1. Just subtract the alpha-carbon distance of LEU344 and ASP414 from 0.36 nm times their residue separation and send over the number in nm, one decimal.
2. Binning at 20 angstrom from zero up to the longest distance, how are the C-alpha pair distances of the chain distributed in percent?
3. What residues qualify as long-range amide H neighbours of GLU2, i.e. H under 5 Å apart, gap of 5 or more or another chain, H built at 1.01 Å from N?
4. In sequence order, what are the phi-derived ³J(HN,Hα) couplings for the range 288-300 according to the Karplus relation 6.51 cos²θ - 1.76 cosθ + 1.60 with θ = phi - 60°, rounded to whole Hz, with x for glycine and proline?
5. Explain nothing, just compute: Karplus ³J(HN,Hα) = 6.51 cos²θ - 1.76 cosθ + 1.60, θ = phi - 60°, for every residue of the range 243-260 in order, whole Hz, x for Gly and Pro.
6. Step through the table entries LYS25/LYS265; LYS20/LYS192; LYS25/LYS417; LYS86/LYS381; LYS20/LYS427; LYS258/LYS364, compare each Cα-Cα distance with 26 Å, and write down the pairs that go over it.
7. Just flag the trypsin sites (Lys or Arg not before Pro) in the range 303-367 sitting in loop per DSSP whose Cβ has no more than 11 other Cβ atoms within 10 Å.
8. If you average the C-alpha positions of the range 224-254 and of the range 1-65 separately, how far apart do those two centres end up, in angstrom?
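The values are calculated or read from the model by the stated rules, or taken from the named source; none is laboratory data. Worth saying up front: this structure is predicted, and the values here are computed from it rather than measured. In this analysis, Cβ positions are derived from the backbone assuming ideal geometry, glycine residues included, and neighbour counts consider all displayed protein chains. Quick note on the areas: whole protein, heavy atoms, side chains included, nothing else; ligands and nucleic acids left out. Shrake-Rupley method; radii C 1.70, N 1.55, O 1.52, S 1.80 Å.
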Amino acid sequence: MELYNLKHPSQVVSFSEAVKLGLGKDRGLFFPKSIPVLDNIDELLALPFVARSQRILGAWLADEIGQDKVNELVNAAFTFDVPLVKADGKRACLELFHGPTLAFKDFGARFMAQCVNLLAGDEKLTILTATSGDTGAAVADAFFGLESVQVVVMYPKGKISELQEKMFTTLGKNIHTVAVASDFDACQTLVKQAFDDSDVRDGLHLNSANSINISRLLAQICYYFEAVAQMKQTSNAEIVLSVPSGNFGNLTAGLFAKAMGLPIKRFIAATNSNDTVPRYLAAGDWAPNTTVATMSNAMDVSEPSNWPRVEAICEALNWPLSSITGVALNEAQTTAALKELYQLGYQSEPHAAIAAQALSDELKSGETGIFLGTAHPAKFKDVVDVQLQIDLPLPQELEAVVNKPILSAELSVDFTKLKEHLFNILK
């Protein structure tokens, strides 16, 4: 597998190099030189999830690391269920929160950890990543205890739910966490500055576990095939996927799945009040606003890093950007969507509720819709309890951390201070 830097196409790397580098020159994203197209899609959809995922990822990686190794990586990473649960006659939720940290990020983070463990050899690595909520927990869990990898997770102080925070800030050992006095975009900027600083990048052997890392995106392709496989068992209608969108890695993976031959009619990019992409799709003007805090905090992103990949896929396949529908919901609309699902008998959380409402707004005759459930409702217990007037019980994974102390350092938005902190804790 060969990938090139979208900013500097002359920089071409292997999958192994892309996983270890994370970003290319000038923070450029790596993008595949070719996208494999799968034959016999119906036969593929009839396979169990893990066996099918081995075939999907083998189409990308077998030429470089071998199919047997791909099979091992998938077996080790995908160890939990991916149910498709009906919400009403037209909509179903693909529940991606049955992994160890109760969020869809478990798919990408666990597969990436397996890849890094395979490819790093004796090299010591530092994973530096920013999170708007669920990435931190998934990455921390996936890499916890690996002797060759140190992990530093940065997050916006006070702008993720307390239970999200507890899942990755209470571990210790090789997991280091930093609460930044700003928003996610500022955290993401600090990460990019670290990769631009040769002292930090080379001295600490930096890598990133954000959705900018190609290994995470490839893993996420697999659950789109599972969504369609399960829906095809009960419906022959054309399928529309609604994706709750923050940094747009999830939508990127879905587009890769469609490019590989998966029969998805179209995608809806569902956002909250941080609506850079819906406005861009409507008017053609890329004009990020200041990020605002919402109850769907994992989508509080105004400058999504993965958007260049979305455009690159559409250009490569000659798909117009207008084939993606952008929908943004404000806080009042999010509350109404959450309550509507609950009244239908489906208990959800703000991110999935936004995607579900976007489906209701945009589904046409002859279509059926799937919205992605990206996190367990209990990860947003503070919001869900208030909005639905319930007392949501905590699953075991959250109960285990609720009383543990937070171990985070606290920093301002100051790269010099971050650099000093990184060398203090990692050298």
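1. Contour length minus Cα-Cα distance gives 20.5 nm.
2. 28, 62, 10, 0
3. LYS33, SER34
4. x, 8, 4, 5, 10, 7, 9, 6, 9, 5, 5, 10, 7
5. Computed from phi, the couplings for the range 243-260 are 10, x, 10, x, 8, 6, x, 4, 5, 4, 4, x, 5, 4, 4, 4, 5, 6 Hz.
6. LYS25/LYS265
7. Here the sparse-neighbourhood loop sites are LYS364.
8. Taking the Cα centre of each part, the range 224-254 and the range 1-65 sit 19 Å apart.
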